[in-house]
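Chemist: Have a look at the structure that comes next, please.
The values are calculated or read from the model by the stated rules, or taken from the named source; none is laboratory data. The structure displayed is predicted, hence computed values, not measured ones. Cβ atoms come from the backbone with ideal geometry, glycine included; neighbour counts cover every protein chain shown.
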Amino acid sequence: MFRKIVQKIPLQKVVVLGVEGALITSRVLPLCRTLEKLERDRSVKGVVLLVDSPGGTAPASEYLYFAVRRVRKVKPVISCVIFGASGGYLAACGGEKVYALPTAIVGSIGVISFKPVLAGVMERVGVSLEVVKKGEKKDMSLFHRGYSEDERKSLEALHSAVYGRFVSIVSEERHLPREKVEEIATGELFSAETALSLGLVDAVGDLEKFVTEFASSLGVKRERVVYHRPRKHFMRRLVSSGAEALVDEFFRFFPFGGTWGK
């Protein structure tokens, strides 16, 4: 009888969840569903967020951040950063502690949006774009013209709001004065050691060592550390892999968030 009861008790474990590539909604939602399961799973003593992301859209990045925070209310969560730029760093801030690999890239706290303006090219090749709209600024994001002065002001106001939110999260999670965060929130990428000196990470070193120490602090043996990546349906992987690869390359080239990105 005692043996049967013991067999039913799940072995305690620590789960390392990989956060890889551009943080766009289609990639973040499966991560959030996994985090919900880890939050409810009583066999999971703690979670490690392994971040290797150049950023993404502001809403998707913050959505993931909130999901990490919800888990953190129930059980310990730390973040280990390989590449944590922009929205990737924002997500990492959801952990109680943030650790970085010595060669990690960290930071890029800022917001940017952009669009190609092809008016000159269109004129040369004799192509025009006919727009029917209801709303003065409805076509401001289209590529057939640049922004008007009024549209630029609207865009800057939107940037300021998103930027302010980003700064607030970093200030709160890293226990840094808002003024200090604003000084370093220039969109600049930092080395791990510089990020440490600025207070953006807690320690720099071997991430496996940090994971092992975290597991040990929770009474979990190293062999009970489980690495997890959210699964995709085969057909979805087949269809989306090419598109997601292009998105990843885009954000790698612009590691500051992309259109409407953090």
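Residue-wise test of (1) part of a strand (DSSP E or B); (2) at pLDDT below 95; (3) over 9 Å from the mean Cα position of the chain (by Cα).
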site	(1), (2), (3)
32	no, no, yes
59	no, yes, yes
74	no, no, yes
80	yes, no, yes
98	yes, no, yes
117	no, yes, yes
130	no, yes, yes
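Chemist: Please find, within the range 142-163, the residue that is surrounded by the fewest Cβ atoms within 10 Å (Cβ to Cβ) out of those that are in contact with a helix residue (DSSP H, G or I) (Cβ under 9 Å, 6 or more places away or on another chain) and assigned to a loop (DSSP other than H, G, I, E, B).
Modeler: Among residues in the range 142-163 that are in contact with a helix residue (DSSP H, G or I) (Cβ under 9 Å, 6 or more places away or on another chain) and assigned to a loop (DSSP other than H, G, I, E, B), the one surrounded by the fewest Cβ atoms within 10 Å (Cβ to Cβ) is 146.
Chemist: Conditions: (1) of a type outside the set (Ser, Thr, Tyr); (2) at pLDDT below 95; (3) out of contact with any Phe, Trp or Tyr (no Cβ under 8 Å at 6 or more places or on another chain). Residue 92 meets all but one. Number of the miss?
Modeler: (2)
Chemist: What's the total number of residues in the range 199-240 that are part of a strand (DSSP E or B), hydrophobic (A, V, I, L, M, F, W, C) and at pLDDT below 95?
Modeler: Total meeting the criteria: 2.
Chemist: Taking the range 34-53 as the search range and keeping residues that are in a strand (DSSP E or B) and among the hydrophobic types (A, V, I, L, M, F, W, C), which one is surrounded by the fewest Cβ atoms within 10 Å (Cβ to Cβ)?
Modeler: Filtering the range 34-53 for residues that are in a strand (DSSP E or B) and among the hydrophobic types (A, V, I, L, M, F, W, C), the one surrounded by the fewest Cβ atoms within 10 Å (Cβ to Cβ) comes out as 50.
Chemist: So which residues in the range 82-96 are buried (at least 24 other Cβ atoms within 10 Å of the Cβ) and in a strand (DSSP E or B)?
Modeler: Within the range 82-96, 84, 85 qualify.
Chemist: Check 166, 210 and return the single one that is surrounded by 13 or more Cβ atoms within 10 Å (Cβ to Cβ), in contact (Cβ under 8 Å) with a residue 24 or more places away in the chain, touching a Cys at 6+ places or on another chain (Cβ under 8 Å) and not aliphatic (A, V, I, L, M).
Modeler: 210
Chemist: In addition: Output the number of residues of the range 39-66 satisfying the condition of being under 22 Å from residue 12 (Cα atoms) and free of Cβ contacts under 8 Å to residues at least 40 places away in the same chain.
Modeler: Of the residues in the range 39-66, 7 are under 22 Å from residue 12 (Cα atoms) and free of Cβ contacts under 8 Å to residues at least 40 places away in the same chain.
Chemist: List pairs: first in the range 118-137 and under 18 Å from residue 148 (Cα atoms) and free of Cβ contacts under 8 Å to residues at least 40 places away in the same chain, second of a type in the set (Ser, Thr, Tyr) and not in a helix (DSSP H, G or I), Cβ under 7 Å, 6+ apart or cross-chain?
Modeler: none
Chemist: Something else about it: So, of the residues in the range 166-198 that are of a type in the set (Ser, Thr, Tyr) and in a helix (DSSP H, G or I), which turns out to be nearest to residue 101 (Cα to Cα)?
Modeler: Within the range 166-198, the match that is nearest to residue 101 (Cα to Cα) is 194.
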